[in-house]
């Protein structure tokens, strides 16, 4: 007998113990978040080109605030700060926020909406993975509801070469020194629509559409041709988002069927809406290219945390979200509806989870064979 | 009609898709290494706990000389799930004592240790000549007697499986599936066995066919084992051309983990999902691993009991890798030494494949029938898991779970000790394949948590059963007490009535003696009921008098008895000096209290994270499941004081 007296206690310290399985796919949360951030970058640079450097400032403010908030939360919950930051989820939130909020939002509003998004929406529910609502969307809705006039005044019209007009200095003055954003807004609008400035009442197309709808007019006030230079920025931005989305699909980070079903439902719902409410519902192409539909399709509704769990649930979720986007755009009182639609669907996600519970293994089993 | 359609599809070679699963890297570097025989070890340890049952016997004594193939134990004859243990080489019995078992928690169990004498003498092989003409029951008995159990990893007794298929399924459609999938990465022992022992395998399949008489024989093999497929196909064609016998059809399946699990394989081959609470053999579907089939052939045709098996030894911490045939009971240490282990710091030794295998707390454990692989990886080969993050509900686990579960949900429930809800969500369907933990981007130990949950569920089930039995017993007891009381009451009522009757008779006679002088008075007496009250009083008095008389009788008789017995000398307490008495008495009292106080302490349920409401139906006699588990973790060298079932199949969270 070699050594019968050997005890498990002593050898436990010598041998490594780890639970099965001993293999791992290698895809980790941090990697997922970094790839998502990278996929957002083309659209982000294009946004800077068409909207000026306000976007960069917003990103810096958001990221800084998010970093501080995450660290505070980690300290309060006595977790390792380093571990908490290494999942890079704050980076994705900051990027999406900087792309959704108006580029000239005053810094204090950006800070407060980020604090709201990270501390209240995310960390108060238990941190990454536990939040019910999408933090970025909740932050945007926070801004939209608490300061609608600021949003109206700081929205910019995308135009070719806006980066030359809305330079780093000019945007810095507006964001941090509280200079009036109106001159810059007007300039960009003139740049964008040199021929028919007067026809457009708001800064963005959706804004003017909403104003027209409120006034009781027809929404088909201008013919929209996306190849034409007026509206081409929208098309290129959409393409940039789509490219990022394809990258995510290539890495199998987002669920393909969900995106496809979302696009299909937008088309179906808007075509149906066009049939019955032709004066308020936009046609499918405009639904896709204006507002935040594209970023929502690839980056926001695909957020796993605030989504339903199973494949069936996610598909239901995306159908619901598409329906709400079309509905609120047609009848809501805000210019864009994506944030509201996403948050409403987030709230419905637990219910969807219950309704789409998957059958258990062998439940269709019959005595046969 | 539908049934026929399904059968037609099965025989037409349709291959279904089972839900979930993973496409893993093969890592099967050893598939070209021939099976070599490992030399005899210097110690053989054969665990006998799971082979004995309640009425089992050990047939040998310490010091006795045994030969290879000699039967060492006789299992409980009532339990057909038990098979005997055979000596795997010749030598002397060293001890029959508890030894550490190959288990993730390092449990010990009763083992027979043999010191080999190096001669390797074996008893006379007893081949069944002309087995083709024998009754299936004889063959099944042979398979049981020669210790054959499932060698795929579950170690389910083959004879029991075949018997239940024979007796419980309809004879008009039976399906025999030979499982050569071997879906685990790194493991190649079945692959090599198919390549080298092809004709023996076909022989084994013929024996199984003889027993089961199946309508269809499917040999399932994954498409990454090209050489095994080729040799098997050639052998089948050869047999068909030479003897005209069609042994079965080869089904080449796309490689997917965990296709080798019986239920997934059945789904892939037949499209039938067999629920986890139904045995597959009850449907007439028998799945046998190729290694088991080979062992059956050896037992029946060659007359050799199962005393060795093929294992794969792999891992970058070993200088050599390969496939070997080892005698059962050889220690893992011996195997690793022969493959030139170069241990790194905190070397992990994995018993089983990298997906479902477990790390050993000690390598001085025997290789049993369920071990198909020993891996000694280094940290670049199979990198250890880093720290866990929060679940981001990405749903990848739900997409790969072959049992159609939602693992992240189960994980959250199990972590929150919500055992009732976890059961509702199907924790029983989890077969711990490890797909969810493999894919999890947050690197959560999902499978480990589910193993823990399984252990807890087992304890809860046991407690529930115990509780149900106790309740039944209590109800029976109450019913009995009630019956007795009713009888007593009836007796009392009868006695009262009798006394009343006597009383009334006596009063009647009184009346006759004393003629009524005042009939009005008598009538009013009767009407007011005063008389009856009086009678009551009188009867009670009477009863009490009777009781007193009886008591007096009893006292008398006792006194008489006492008088009869010889008077015992009165025990005189030794008189002690006054001060000594004083000091002796208080000395013991505080100690007594000190020792009894902690015993009365009931563990606080909330401390261990169990809510009372969850276990409402479960009466906890002394300890909560978690408390039980924690005692197991702490009381290591001592024999675990746990339910028998828990000891065997459960795993715990290892040392953090």
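Just so it is clear, none of the values below were taken in a lab; they were calculated from the coordinates. Every value quoted in this text rests on a predicted model; they were computed, and no experiment measured them. Virtual Cβ from ideal backbone geometry, glycine too; neighbours counted across all protein chains shown.
How many Cβ atoms of partner chains, on average, are near each residue of A:350-361 if near means within 10 Å of its Cβ?
Mean partner shielding for this stretch: 4.
For helix A:168-177, report the angle its Cα long axis makes with the longest principal axis of the Cα atoms of chain A; keep it between 0 and 90° and round to the nearest 10°.
80 degrees
Rounded to the nearest 500, what is chain A's calculated 222 nm mean residue ellipticity when only DSSP H runs of at least 4 contribute -39500 (n - 2.57) each, over all residues?
It lands at -18500 deg cm²/dmol.
Just want to confirm a number: the relative contact order over chain A, from Cα pairs under 8 angstrom separated by 6+ residues, in percent.
17 percent
What order do you get for A:55-61, A:247-253 when each peptide is scored by the mean count of other beta carbon atoms within 10 Å, highest first?
Numbers: A:55-61: 21.9, A:247-253: 16.6.
Result, highest mean Cβ count within 10 Å first: A:55-61, A:247-253.
How far, in degrees from 0 to 90, does helix A:182-192 lean away from the longest principal axis of the Cα atoms of chain A, to the nearest 10?
80 degrees
GNM, chain A, Cα, under 10 Å: largest mean-square fluctuation among A:158, A:21, A:284?
Largest GNM mean-square fluctuation: A:21.
Cα gyration tensor of segment B:392-433, axes a ≥ b ≥ c as square roots of the eigenvalues: rounded (a/c below 1.5), prolate (a/b > b/c) or oblate?
Working: a/c = 2.33, a/b = 1.26, b/c = 1.85.
Since a/c reaches 1.5 but b/c is at least a/b, the shape of segment B:392-433 is classed as oblate.
When Cβ neighbours within 10 Å are restricted to other protein chains, what is their mean count per residue of peptide B:400-407?
3
Hey, in the GNM for chain A with a 10 angstrom Cα cutoff, which one of A:210, A:274, A:177 fluctuates hardest?
Highest fluctuation of the listed residues: A:177.
Please work out whether segment A:29-355 counts as rounded, prolate or oblate from its C-alpha gyration tensor, where a ≥ b ≥ c are the square roots of the eigenvalues and a/c under 1.5 means rounded, while otherwise a/b larger than b/c means prolate and anything else oblate?
Since a/c reaches 1.5 but b/c is at least a/b, the shape of segment A:29-355 is classed as oblate.
Residues of B:443-453, mean number of Cβ from any other protein chain within 10 Å of their own Cβ, rounded to a whole number?
2
Once you've got the GNM for chain A with C-alpha springs shorter than 10 Å, pick whichever of A:109, A:324, A:14 has the biggest mean-square fluctuation.
A:14
How far is the Cα center of segment A:71-139 from the Cα center of segment A:226-262, in Å?
25 Å
With angles folded into 0 to 90 degrees, how steeply does helix A:54-76 sit against the dominant principal axis of chain A? Use alpha carbons for both and round to 10.
30 degrees
Would you please put A:110-122, B:333-345 in order of how densely packed they are, using the mean number of other Cβ atoms within 10 angstrom per residue and starting with the highest?
Answer by packing, highest mean first, reads A:110-122, B:333-345.
Take the alpha-carbon centre of segment B:154-203, take the same for segment B:291-366, and report the distance between them in whole Å.
20 Å
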